[in-house]
Amino acid sequence: MDFNEFFSDRARAIDTSGIRRIFHLGAHMTDPVNLSIGQPDFPVPDAIKRATIDAIENDKNGYTLTQGIDELQSAIASHLKEDLGWDVPGGDASILVTGGTSGALLLASLATLGPGDEAIIPDPYFVLYPSLPVMCGATPVLCDTYPDFRMTAERVEPLITERTKYVLVCSPSNPCGVVNSRQECEDLLDLCRRKNVLLISDEIYDEFTFPEYCDTESGRKQSASPARFPGANEDVLVVRGFGKTYGCTGWRMGYVAGPPALVEQIAKMQQYSFVCAPSIAQWGCVAAFGVDQTETVLRYEKRRDMVLDALREHTTVATPGGAFYVYPEVPEELGITAQQFVERGIEKNVLTIPGNVFSQRDTHFRISYATEESKLAKGIEILCDLLQGK
């Protein structure tokens with residue numbers, strides 16, 4: 001049977017993830033220095049493990065309500081009240097627990113996009129972003145953020161048309177780690193309000209913002225977010241998760257919060273697809289809100305500093321304010337693309353990701369420093385030699 005005849009246009013329009021290609025390549029290499037995957041290298045905190053194990057042992061293994069268990073709904077609501085100032089009662093239709101943040105973004109796109117619609121995303125982007133509109137029959141519109149990788153209102157406004165449904169912003173960003181300022185967040189929110197466009201704020205790394213890049217205006221150290229301004233709960237869809245902060249990426253746990261009318265539509269998409277987020281992981285994530293990861297984040301900040309200190313002698317790189325990535329430029333004098341640079345690294349047993357996976361340009365490459373310090377130092381030394389043409 002010729003299965004090519006059966007594939008949909010949406011399947012044909014989407015390529016296999018470039019990150020996954022590198023991931024599979026690394027699985028067949030002998031002890032590579034893997035700086036390619038955004039997989040935290042610390043264990044899941046014991047309190048979260050224990051809560052999950054208790055759920056299994058107490059037979060809490062069945063379906064949950066689509067919105068999520070009451071205990072996790074209440075914990076999220078309390079956190080949003082403390083962190084964003086949102087008054088969202090637990091169990092309210094303003095919150096939906098999802099199968100990861102990727103699942104949340106897909107469901108939100110299914111609920112808002114259709115043929116002829118447009119969605120504005122940053123370039124560089126997380127690999128999922130341009131495929132979200134395509135899977136919904138809509139069109140991704142790329143916002144060029146080079147050279148500083150900041151998605152500002154000034155850059156977004158010329159791209160908004162009568163077909164624009166949402167603007168998607170991510171801070172700290174993947175692949176660059178760049179953090180928006182408070183003013184940039186406010187300007188973007190004001191723009192979307194004026195243009196009657198939904199603003200989706202992907203905040204998967206919100207707890208992984210380094211202290212000097214936090215918004216301290218409220219007197220607390222918090223990541224800057226368009227959701228922090230008065231009335232934002234009526235205009236912004238916040239997407240957050242647990243995997244990156246607590247090391248449980250494989251559990252696929254996230255949530256959305258925002259206007260009830262919108263969240264209700266997203267919940268309908270979940271009812272007929274994922275049904276609900278994994279039950280035992282939901283119980284584990286209730287315990288996450290009592291876990292302090294400050295020391296872990298500070299340890300990653302030191303890794304970032306080490307990587308930046310080494311790279312800046314040989315190339316241009318924006319300072320990441322969070323997450324665990326840097327996105328250096330391949331020096332023009334080398335006369336090669338980022339793809340070719342990454343291939344040279346593979347020859348030296350070092351895995352990184354070329355910029356063409358995240359962008360229409362192939363001038364930069366992504367390094368993940370979510371790896372053990374001695375291996376990271378070894379990999380960065382090899383990459384610095386390659387940046388010098390050695």
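The values are calculated or read from the model by the stated rules, or taken from the named source; none is laboratory data. Note that the structure is a prediction, hence the values are computed from the model and not measured. All Cβ positions, even for glycine, are placed from backbone atoms using ideal geometry, and neighbour counts span all protein chains on display.
Take the residues of the range 50-78 that are free of Cβ contacts under 8 Å to residues at least 24 places away in the same chain and part of a loop (DSSP other than H, G, I, E, B): which is surrounded by the fewest Cβ atoms within 10 Å (Cβ to Cβ)?
If we take residues in the range 50-78 being free of Cβ contacts under 8 Å to residues at least 24 places away in the same chain and part of a loop (DSSP other than H, G, I, E, B), then Asp59 is surrounded by the fewest Cβ atoms within 10 Å (Cβ to Cβ).
Collect the residues in the range 84-120 that are touching a helix residue (DSSP H, G or I) at 6+ places or on another chain (Cβ under 6 Å), under 22 Å from Gly243 (Cα atoms), at pLDDT 95 or above and small (Gly, Ala, Ser), keeping them in residue-number order.
Scanning the range 84-120 gives Ala108, Ser109.
Can you tell me which residue is surrounded by the fewest Cβ atoms within 10 Å (Cβ to Cβ) among those in the range 294-320 that are outside any helix (DSSP H, G or I) and either in contact with a strand residue (DSSP E or B) (Cβ under 6 Å, 6 or more places away or on another chain) or of a type in the set (Asp, Glu) (or both)?
Checked the range 294-320; the qualifying residue surrounded by the fewest Cβ atoms within 10 Å (Cβ to Cβ) is Glu313.
Condition test on Val326, is it surrounded by fewer than 24 Cβ atoms within 10 Å (Cβ to Cβ) and closer than 21 Å to Asn180 by Cα?
For Val326, the condition - surrounded by fewer than 24 Cβ atoms within 10 Å (Cβ to Cβ) and closer than 21 Å to Asn180 by Cα - is not met.
Somewhere in the range 222-242, is a residue farther than 22 Å from Leu132 by Cα, charged (D, E, K, R) and either touching a residue at least 60 places away in the same chain (Cβ under 8 Å) or surrounded by 18 or more Cβ atoms within 10 Å (Cβ to Cβ) (or both)?
The answer is yes; a qualifying residue exists.
For the range 168-213, give me the residue count where each residue is assigned to a loop (DSSP other than H, G, I, E, B), surrounded by fewer than 24 Cβ atoms within 10 Å (Cβ to Cβ) and in contact with an Asp or Glu (Cβ under 9 Å, 6 or more places away or on another chain).
2
Is there a residue being assigned to a strand (DSSP E or B), of a type in the set (Val, Ile, Thr), crowded, with 24+ Cβ neighbours inside 10 Å and modelled with pLDDT of 95 or more anywhere in the range 138-158?
Scanning the range 138-158 turns up no residue that is assigned to a strand (DSSP E or B), of a type in the set (Val, Ile, Thr), crowded, with 24+ Cβ neighbours inside 10 Å and modelled with pLDDT of 95 or more.
Given (1) crowded, with 21+ Cβ neighbours inside 10 Å; (2) assigned to a loop (DSSP other than H, G, I, E, B), where does Phe365 come up short, assuming only one miss?
Every listed condition holds for Phe365 apart from (2).
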